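Let me begin by presenting the structure, written as C-alpha cells, before commenting on it.
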Amino acid sequence: MSQAETAGPTAAAVRPLALLGSELATLFRRWRTITMLSALAAVPVLIGIAVRVAGAGSGRGPAFIGAITDNGLFVAFTAIAVSIPVFLPMTLAVVAGDTIAGEASLGTLRYLLVAPSGRLRILLVKYAACAAFAIAATLTVALFGCLIGAILFHIGPVTLLSGSQVGFWGFSGRILLLALYETVSLLGLAAIGLFASTLTSVPVGAMAATIVLAAVAQVVDALPQLDWIHPWLFSHYWLGIADVLRSPVEWGSFLSNLWLQLGYLAVFGALAYGRFTTKDIAS
Amino acid sequence: MSAAAIRATGLTKLFGAQRAVDGLDLAVPRGSIYGFLGPNGSGKTTTIRMMLNLISPSSGTVELLGEPMPRAAQRVLPRVGALVEGPAFYPFLSGRDNLVRFDAADTRSAPATRRARIDTALERVGLAHAATKKVHAYSLGMKQRLGLANALLRPRELLILDEPSNGLDPQGTREVRSLIRALAADGTTVFVSSHLLGEIEQLCTHAAVMRAGTLVASGTLDELRSQAVREVTVTTADPDAAAAVLRGRGLSPSIPAADRVEAALPDGVAVEDLTAALVAAGVRVRGIAATGESLEDRFVALTGEGFDVAG
C-alpha cells in the first residue's frame, strides 16, 4: 500500500473528547434519564405543596421543613435532605450500573471498542457521565426546590444556624454549595457502580448491587456498635447538610467528604480499570 | 512487498479446558475476498473477536494490515470496518444517531465530514429512507444493513464481516453480495465469515474452512476444489469388464451393485478419457458420473456436517 493511503487516518487529529460529547448526548436524551430527573424534580414540588396545604406541622419530619413557611428557599434544603438517603443514590446507581453492563447487554460495547475507543477512554467517559448525572440530579432537586418555594412561599433574608443573616443571593449560593456537596458525596458510589458494571453484562444486576451497597452503608452508619468504621463509609457525610448553613461555611466536613470520595474513586476506579482492560468482550 | 491484510500465527483460545480456537495459522492476502467457512460453533466468531482485540488470545499472535495487535489497535482499527456477530445498536436512537455515536467513538474521525460520510454509508446499504427512524422499529434485515453502514463509515482498507447476509431476504443477500464485490473492486480486502458455502462460493476468491477450532483447509477456491476427493461411478451391464478397464487406468474399482462400478478418481485422470476407454473396450455403458467434485461435498467432508450418505 502506498504511504499516503496508510498515513491518512493515522495522521488525522485525535479527538479524545468526541466520545464524551456523544455519551452525554445519549445519556440525557434517554427517556429513562429524563424520567428519573422528573421524579427527582417532583420531590421538592410535593414537599412544597404538602407544606402549603397542611402547614409545617409540629416540628417533626425532615430537616428544615419547619423553616419553609418562613422562607420558601428552604424547600430546596428539605428536598435535598429527603432525597440524599434514597432517591439520589438510587437514580445514580441506575446510571452507574448501566455504564458498561448496559453497553455489553446491547452489544454496542463491541462496536465502541472496534470503532476504536480504547478501554480506558470508555471507562473515563462513562465515569464522567455518571458525575454529570449526579450534578444534574442534585441541581434538579435544588432548582425545583427554589422555584416551588418562590412560587408558594415568602422569600426573604435567611438567618443561618450561627445567627447571622444572608440575603437572597447569598442563600442561593449556599444552595448551590449544598448541591455541589451532595454531588461530591455521590462520587464514591458512582465509582462502585462503575466497577459493579464491569463485572456483568446484566445491567439490572449491577444497578441492584450498587443500590444494596448504598443501603447497607447507611444501615452500618446508623449502628453505634460499628462506630470505628463510620468515618470510612462513603455515605458517612451524606447528611452533613447543616455545615453549609453556618457562617462562615464549615469547610472541614466538605474536605473530609471530598478526600473520602476521592479515596473510593481511586480504589474502585482502579478495580474497574483492572477488570475492564483485561476482560474478554464476549457479548 | 505488502504484508498480508490479516495474519494469524498459532492463534489459540481456551475457554476453561475447551479449545475454542486451536493453533490457527491464517494469511489473508491484500485485495482478496476471503471466505471464512465453518459450521456454527467451529470458532469463527472467537477468531474474529481475537483479530479485533475484543478477546485476548491464550497464545499466538494477530497482525492486521501488517501491524501487531493489540499493540497497534488504536492505529489500525480506524482502517478496519467490522461487523461482529450480528449488528448491535441503541434501540432508543435513530439509525443515523447510532452511526453518529459510533463515528464519534472513533477518536480519529473528522466531525466536519461526519454528516456526509454517514449519508453516503446509509445510501450504499439502501437505508437512507429509514435514517431518522428509531432502531427499535427496524427489522432484522434493516439492522443488518445499518451494521454494514457502520462498517463503511469511512474508507476502509479491510472489512471483517461476520455473517453479513444473516437475516436478509434473497434480494438483500444479492445486494450485499454486489456491495462487497464493489468494495473489493475498489481495493478493499474483505474477510467474510459464513456457515453457508453457497454464499462463499459465489463471492470469494479465497476461503478457509474451520472445524472444531482448527483450520482444516485454506487457499484459493480452485485449490480447494482440486483437493476434493472425487469419485467416478459407472452404471453398466458389464461391471467386471468395466472394473478391468478402470484397473488398467490405475484406479482401484469396487462393484457395490450388480450394475454399478465405483472408484476414487486420482488427480490427472479425466472422466471423458475413462468414458472413451470403456466404450473402446466394448463395455455397455448406461451412465457415467463424476461425483464429489463440488465444493459443498468437500465442505461436508471437511466439517463433518450434514448426513453421511456415502454408500
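The values are calculated or read from the model by the stated rules, or taken from the named source; none is laboratory data. Not measured: the values here are computed from a predicted model. No Cβ is skipped: glycine too gets one built from the backbone with ideal geometry, and neighbour counts run over all protein chains shown. Ligands, DNA and RNA are stripped out before the accessible areas are found, and what is left, the full protein with its side chains, is counted by its heavy atoms. Shrake-Rupley method; radii C 1.70, N 1.55, O 1.52, S 1.80 Å.
Okay, here's what the table says:
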{"item": "Contacts under 7 angstrom Cβ, first residue in region B:135-146 being outside the structural domain of B:Asp162 (by TED's automatic domain parsing) and open to solvent by 10 Å² or more (accessible area, probe 1.4 Å), partner assigned to a helix (DSSP H, G or I) and hydrophobic (A, V, I, L, M, F, W, C), 6 or more apart", "result": "none"}
{"item": "Count of region A:16-39 residues which are without any contact (Cβ under 8 Å) to a residue 24 or more places away in the chain, not charged (D, E, K, R) and not in a helix (DSSP H, G or I)", "result": "1"}
{"item": "Qualifying residue in region A:100-117 (condition: under 26 Å from A:Leu177 (Cα atoms) and either modelled with pLDDT under 95 or away from every other protein chain (no Cβ under 14 Å) (or both))", "result": "no"}
{"item": "Of all residues making up region B:44-78, the number that are more than 9 Å from every other protein chain (Cβ to nearest Cβ) and of a type in the set (Lys, Arg)", "result": "2"}
{"item": "Condition check for A:Ile80: touching a Ser or Thr at 6+ places or on another chain (Cβ under 9 Å) and away from chain B (no Cβ under 14 Å)", "result": "yes"}
{"item": "Qualifying residues in region A:250-283 (those that are surrounded by 15 or more Cβ atoms within 10 Å (Cβ to Cβ) and of a type in the set (S, T, N, Q)) - the one farthest from B:Pro87 (Cα to Cα)", "result": "A:Ser253"}
{"item": "Some residue of region B:26-33 being open to solvent by 10 Å² or more (accessible area, probe 1.4 Å), under 15 Å from A:Ala115 (Cα atoms) and facing chain A (nearest Cβ under 10 Å)", "result": "no"}
{"item": "Residues satisfying the stated conditions in region A:144-171, i.e. hydroxyl-bearing (Ser, Thr, Tyr) and under 16 Å from A:Gly66 (Cα atoms)", "result": "A:Thr159"}
{"item": "Among the residues listed as A:Pro85, A:Pro89, the single one being away from chain B (no Cβ under 12 Å), at pLDDT 95 or above and on the phi < 0 side of the Ramachandran plot", "result": "A:Pro89"}
{"item": "Scope region A:195-231; condition assigned to a helix (DSSP H, G or I) and under 27 Å from A:Phe64 (Cα atoms); matching residues", "result": "A:Ile211, A:Ala214, A:Ala215, A:Val216, A:Ala217, A:Gln218, A:Val219, A:Val220, A:Asp221, A:Pro224, A:His230, A:Pro231"}
{"item": "Residue in region B:53-70 that is in contact with a helix residue (DSSP H, G or I) (Cβ under 6 Å, 6 or more places away or on another chain), of a type in the set (Gly, Ala, Ser), free of Cβ contacts under 8 Å to residues at least 40 places away in the same chain and under 25 Å from A:Leu106 (Cβ atoms) present", "result": "no"}
{"item": "Qualifying residue in region B:87-110 (condition: in contact with a helix residue (DSSP H, G or I) (Cβ under 6 Å, 6 or more places away or on another chain), open to solvent by 40 Å² or more (accessible area, probe 1.4 Å) and at the interface with chain A (Cβ under 8 Å from one of its Cβ atoms))", "result": "yes"}
{"item": "Contacts under 7 angstrom Cβ, first residue in region A:265-283 being within 14 Å of chain B (Cβ to nearest Cβ), partner open to solvent by less than 50 Å² (accessible area, probe 1.4 Å) and of a type in the set (D, E, K, R), 6 or more apart", "result": "A:Phe276/A:Arg119; A:Thr277/A:Arg119; A:Ile281/A:Arg110"}
{"item": "Number of positions in region B:183-230 that are of a type in the set (D, E, K, R) and surrounded by 17 or more Cβ atoms within 10 Å (Cβ to Cβ)", "result": "4"}
{"item": "Residue in region A:233-241 that is surrounded by 14 or more Cβ atoms within 10 Å (Cβ to Cβ), within 18 Å of the chain's Cα centre (by Cα) and assigned to a helix (DSSP H, G or I) present", "result": "yes"}
{"item": "Filtered residues of region B:150-166 (kept if within 22 Å of B:His195 (Cα to Cα) and either open to solvent by less than 40 Å² (accessible area, probe 1.4 Å) or of a type in the set (A, V, I, L, M, F, W, C) (or both))", "result": "B:Ala151, B:Leu158, B:Leu159, B:Ile160, B:Leu161, B:Asp162, B:Glu163, B:Pro164, B:Ser165"}
{"item": "Failed condition for B:Met210, given (1) touching a residue at least 24 places away in the same chain (Cβ under 8 Å); (2) within 13 Å of chain A (Cβ to nearest Cβ); (3) not polar (S, T, N, Q)", "result": "(2)"}
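This table checks each residue for (1) modelled with pLDDT of 95 or more; (2) hydroxyl-bearing (Ser, Thr, Tyr); (3) under 22 Å from A:Ser83 (Cβ atoms); (4) crowded, with 16+ Cβ neighbours inside 10 Å.
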position: A:Leu189; (1), (2), (3), (4): yes, no, yes, yes
position: A:Phe195; (1), (2), (3), (4): yes, no, no, yes
position: A:Thr198; (1), (2), (3), (4): yes, yes, no, yes
position: A:Ile211; (1), (2), (3), (4): yes, no, yes, yes
position: A:Val219; (1), (2), (3), (4): no, no, yes, no
position: A:Leu226; (1), (2), (3), (4): no, no, no, no
position: A:Pro231; (1), (2), (3), (4): no, no, no, no
position: A:Pro248; (1), (2), (3), (4): no, no, no, no
